[in-house]
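J.: Structure below; questions to follow.
Derivation of every value follows stated rules applied to the coordinates shown; laboratory data play no part. Everything numeric in this text was worked out from a predicted model, so none of it was measured. We place every Cβ from the backbone using ideal geometry, glycine too, and count neighbours over all the protein chains shown.
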Amino acid sequence: MTTPMTPAGMPQADQAPIAQPAPHYSAPAAKKSRIGAAVIGGAAVTALLGGAVGGAVGYTVANNNSASAVATASTAEGGNISVPAGSSVVDLAAAVQPAVVQLDVTGANGSGTGSGFVISPDGYIVTNNHVAGPAGKEGSISVTFADGKTATGTLVGASPDYDIAVVKVDRTGLQAVPMGVSHDLKVGQSVIAIGSPLGLQGTVTTGIVSALDRPVTAGEGGGDTSFINAIQTDAAINPGNSGGPLINASGEVIGVNSAIASMGAAAGQQAGSIGLGFAIPIDTVKRVSNELIKNGSASTPVIGVQLDTGYTGDGAKVGEVTSGGAAEAAGMQSGDVITKIDGKKVADSTALVVTIRSHAPGDTITLTVVRDGDQVVKLPLTLKSAPKS
């Protein structure tokens, strides 16, 4: 179940498959593989998979990542991690590692290893859908903690749209990570990643935020496609790291590591880090994981259009407006070219979808469209939720 990610891919609607399908999920050989790839320019973007499952890690430190002097997980029942301001990488790693876990997942089509992190002392763990999702209802999830203790995990819910899943273990008094924010990240901030690359649990790497708002897609076709407005980092992230935390200098999680870019590998070989890793912003992760815990599923915002996949100009061209959708209510017309969202340029269809999915249903956005080739129209629009499949 290797789930490749690529900033390429032309969506046909609010939800659509990527241009290139992922390799099939298959049982690993004696040594678990952790790879899946798709093309990103001259490189390949790889979901950080262990066997059929993946995990992402990275670690880095700086003094400008958060305004908070002390980061403390906002959960009850005790067991919360507290990180003093000005902590060294050594101190940050020691503080956060007890909340980072390794997930060994077995599903109908194989098994693999990934990463995750505890978000509440009563046993809720966040990871990637492509890590825990393969377990489904019939598979198994074994969770290994930093102290070597293990527990059986249960899949609470998963969102293929966002590549996020929540796993629950029957334990209390766990140490939980502090949850930061991602909306105020700056390029150049130091970050730290922790996880299980290639099954090496507790690996720590450092780097910076290399770029923000990178459109990244992941999927296996058939409609299960994740569109991520990703944080790019040069922290060393390798296959087996997916689902692990990307943290700031205050020890707060600001992203979930999910994919890497690689120069490619021959069939059957592993791809490795070249300093291009991608993480799901924690602002999105918090909303999605909270919904998964509460409802077992998460909502996905849509504007209610089908996009013209043959359009090659700047922006995203509307092929058809969905009856009864948000776009119709806002006055969108077939043939409109969406060029901006809230004043931010939309490069193409993928950029449109990832930007929309960085919001939540009920949010109001303003779309700038070019109509009939020259007329510029601004359309305020309230996002609706995609129908449950």
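J.: Under 5 Å between amide H atoms, partner at least 5 residues away or on a different chain: which partners does S111 have, H built in plane at 1.01 Å?
T.: A52
J.: Using Cβ counts within 10 Å as a stand-in for footprinting exposure, how do S358, S385, S323, S115 rank, fewest first?
T.: By the 10 Å Cβ count, ascending: S323, S385, S358, S115.
J.: What distance in nm lies between label points placed 7 Å from Cα along the C-beta direction at V89 and T366?
T.: Between V89 and T366, the simple spin-label model gives 4.4 nm.
J.: Just list whichever of K137/K168; K186/K294; K168/K388 have alpha carbons separated by over 21 Å in the model shown.
T.: Cα-Cα > 21 Å for K186/K294; K168/K388; rest within.
J.: Could I ask something else about it? Less than 19 Å apart at the alpha-carbon level, and either on another chain or at least 8 residues along: which lysines does that give for K317?
T.: Cα-Cα hits under 19 Å: K340, K344, K345, K378.
J.: How much space per residue, in cubic angstrom, does the convex hull of the C-alpha atoms of segment 270-369 take up?
T.: In segment 270-369, the Cα hull volume divided by residue count equals 162 Å³.
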